[in-house]
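A.B. asks: This structure is in structure tokens; I'll ask about it shortly.
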Amino acid sequence: MKRNIGLLFILILLSLPSFAQNNLQSINQSLRYSRYSRISLKVIPIKTAERTFKLQMLVEKIEEEPNFDDYLFSYTIVHSFDQRIDDEQVIALDQDMLKKNTSGHFYFEETVEIPSTREQAYVIFRATDTRQEDEYVYHADLISPFVVDQPSFGAYFGNDIPFDQNFLNAEESLLFKSDQGVSLYRYFYPQDFPIPLPPMETKVPDIAKETEVINEGDFLLNVPVSFDKSGYYFIQKDTTTASGLLIKTAGKSFPKVSTWEEMIQMVAYISTRKEHEALLAAENKKLALDEYWIRMTRDEEAAKKLIKEYFRQVEFANILFTDFKEGWATDRGMVYIIMGPPQEVYFNLDKETWVYLSEDSNSKITFTFARVKNILTPQYYTLNRSRAYQPVWFKTITAWRNGRMVF
């Protein structure tokens, strides 16, 4: 029997895509931002000892009733973005290794220990759709210069599936668990943020010098905790350290748009300053928006189609890029809404790079987002702005205003 099990694992490993001559920085992770993905991957590390981590590896089921056997799942640990990944480092995840299989998720959980000689460590979670060879990849920091420290606790939905979203709708609850201590502390930040400047605007935006913080005290582990206000919360086990977990809360309809006021804020990316100021000043927001779209496209049917597609992009941006800001109001969200999903996405330790193929030539357009160390989230990125973006940005906005998307 042991021999048969060993043979099965060998066959699984042989069937996985080869990582040879590959490394983390060369893997195209564009499917994590696709509008047509069948699944979505996430890794949530929880620190259980000084160099030991519990890896919560989640597969969100986007397609209806996915078949586990249609996918090959695996993970590996690397110690730098340029480390070569050999096949023997890849650990296959079969169905017997599932911790849970719910209507919404496949959920694996593995524990890894990082040798004391390693100054950095990253986990790569990978899924191959065997029907069309699509490669889904998600990586997460375990030990890195951009992570102060990983939390020793986790947040969970009511069905004990880890909280794998970038946001929580206000008035919903989460359950927090940990092997250490009996309570956690939470702080609420009600701050609003300005929308990002265009990619070609190189001046430094104004930043608030002070941030309001409301100490909401401690709460017990293993007891459902509700989050009633829109803003963001920072959850900590030890308030003398910078380590913690960000919980961004938004309105009940989020990631969809629910009010005319929100819509007016969001069309700033494709509006002239004069148009946007007029919308902000309008008494009847709905009427002003209706007139705005029809005047811009000169065609009521084209306007309806454009509205649908534009706010679908906003919804995807909210799902994908929300951190302590709503996703549409982040640099990555802005570029995603206007330019669409990038054809290529590459990560390095200190940056994320998006590549777009030009619509009418063989040239490529590259947006680089610098990774900024932030205690609230290890995934905070800001666009490296340049005046060189102006021609392609204006051209793409003109296409939007003419009722046409370039993707």
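The values are calculated or read from the model by the stated rules, or taken from the named source; none is laboratory data. Given the structure is predicted, the values throughout are model-derived calculations rather than measurements. Heads up, the Cβs are rebuilt from the backbone with ideal geometry, glycines too, and the neighbour counts pull from every protein chain shown. We work out accessible area using only protein heavy atoms, side chains counted, and drop any ligands, DNA or RNA first. Shrake-Rupley method; radii C 1.70, N 1.55, O 1.52, S 1.80 Å.
A.B. asks: Classify the stretch 208-251: rounded, prolate or oblate, from the alpha-carbon gyration tensor (a ≥ b ≥ c, eigenvalue square roots; a/c under 1.5 rounded; otherwise prolate if a/b is larger than b/c)?
C.D. replies: Note, shape of the stretch 208-251 comes out oblate.
A.B. asks: If you line up the long axis of helix 285-297 against the longest principal axis of the chain, both from Cα atoms, how many degrees apart are they, to the nearest 10?
C.D. replies: With rounding to tens, the tilt is 80 degrees.
A.B. asks: If you don't mind, another one. Can you tell me the orientation of helix 300-321 relative to the chain, as the angle in degrees between its alpha-carbon axis and the longest Cα principal axis, to the nearest 10?
C.D. replies: 40
A.B. asks: Have a look at Gly340, Thr330, Thr211 and report the one farthest towards the positive end of the charge dipole of the stretch 192-349, computed about the Cα centre with Cβ charges (Lys/Arg +1, Asp/Glu -1).
C.D. replies: Gly340
A.B. asks: A follow-up question, please. As I understand it, the value is the acute angle between the Cα axis of helix 2-15 and the longest principal axis of the Cα atoms of the chain; what does it come to in degrees, rounded to 10?
C.D. replies: Compared with the principal axis, the helix lies near 30 degrees.
A.B. asks: Taking only the alpha-carbon atoms of the stretch 191-281, what semi-axes of the equivalent ellipsoid follow from 5 times the gyration tensor eigenvalues under a square root, in whole Å, largest first?
C.D. replies: 34, 19, 11
A.B. asks: With a Cα-only, solvent-free Debye model of the stretch 311-407, what are the log10 I(q)/I(0) values at q = 0.22 Å⁻¹?
C.D. replies: -1.26
A.B. asks: With +1 assigned to the C-beta of every Lys and Arg and -1 to the C-beta of every Asp and Glu, and no other charges, what is the dipole magnitude of the stretch 289-407 about the Cα centre in debye, to the nearest 20?
C.D. replies: Approximately 300 debye in magnitude.
A.B. asks: Give, in nm to one decimal, the length gained when the segment between Arg51 and Lys395 is fully stretched (0.36 nm per residue of separation minus the Cα-Cα distance).
C.D. replies: Contour length minus the Cα-Cα distance gives 118.9 nm.
A.B. asks: Give me the accessible area of Thr396, 1.4 Å probe, in Å² rounded to the nearest 10.
C.D. replies: Here the residue's solvent-accessible area equals roughly 10 Å².
A.B. asks: Using a 1.4 Å probe on the protein chains only, how many percent of the accessible area of the stretch 178-322 belongs to carbon and sulfur?
C.D. replies: Percent of accessible area from carbon and sulfur atoms in the stretch 178-322: 51.
A.B. asks: Please work out the Kirkwood hydrodynamic radius for the chain, using every pair of different C-alpha atoms, and report it in angstroms with one decimal place.
C.D. replies: That comes to 23.1 Å for the chain.
A.B. asks: Name the residue from Tyr189, Thr202, Leu289 whose Cα lies farthest towards the positive end of the charge dipole of the chain, charges +1 on Cβ of Lys and Arg and -1 on Cβ of Asp and Glu.
C.D. replies: Looking along the dipole axis, the top candidate is Thr202.
A.B. asks: For Lys177 paired with Lys285, estimate the spin-label separation in nm (one decimal), with each label point 7 Å from Cα along the Cα-to-Cβ line.
C.D. replies: 4.1
A.B. asks: How much of the accessible area of the stretch 15-89, probe 1.4 Å, is carbon plus sulfur, in whole percent?
C.D. replies: Reported share for carbon and sulfur atoms: 41 percent.
A.B. asks: Please compute the contact order of the stretch 153-265 in relative form: average sequence separation of alpha-carbon pairs under 8 Å and at least six residues apart, divided by the residue count, as a percent.
C.D. replies: Reported relative contact order: 33 percent.
A.B. asks: Now, a different point. Once each part is reduced to its C-alpha centroid, what is the distance from the stretch 330-404 to the stretch 130-157 in angstrom?
C.D. replies: 22
A.B. asks: So what is the 222 nm mean residue ellipticity for the chain from helices alone, if each DSSP H run of at least 4 adds -39500 (n - 2.57) and you divide by all residues, rounding to the nearest 500 deg cm²/dmol?
C.D. replies: Value at 222 nm, helices only, nearest 500: -6500 deg cm²/dmol.
A.B. asks: Accessible area per residue for the stretch 238-333 in Å², computed with a 1.4 Å probe and the full protein assembly in place, what is it?
C.D. replies: 50
A.B. asks: Also, I was wondering about something else. Where only protein heavy atoms count, and the probe is 1.4 Å, what is the accessible area per residue for the stretch 46-203 in Å²?
C.D. replies: That works out to 45 Å² per residue.
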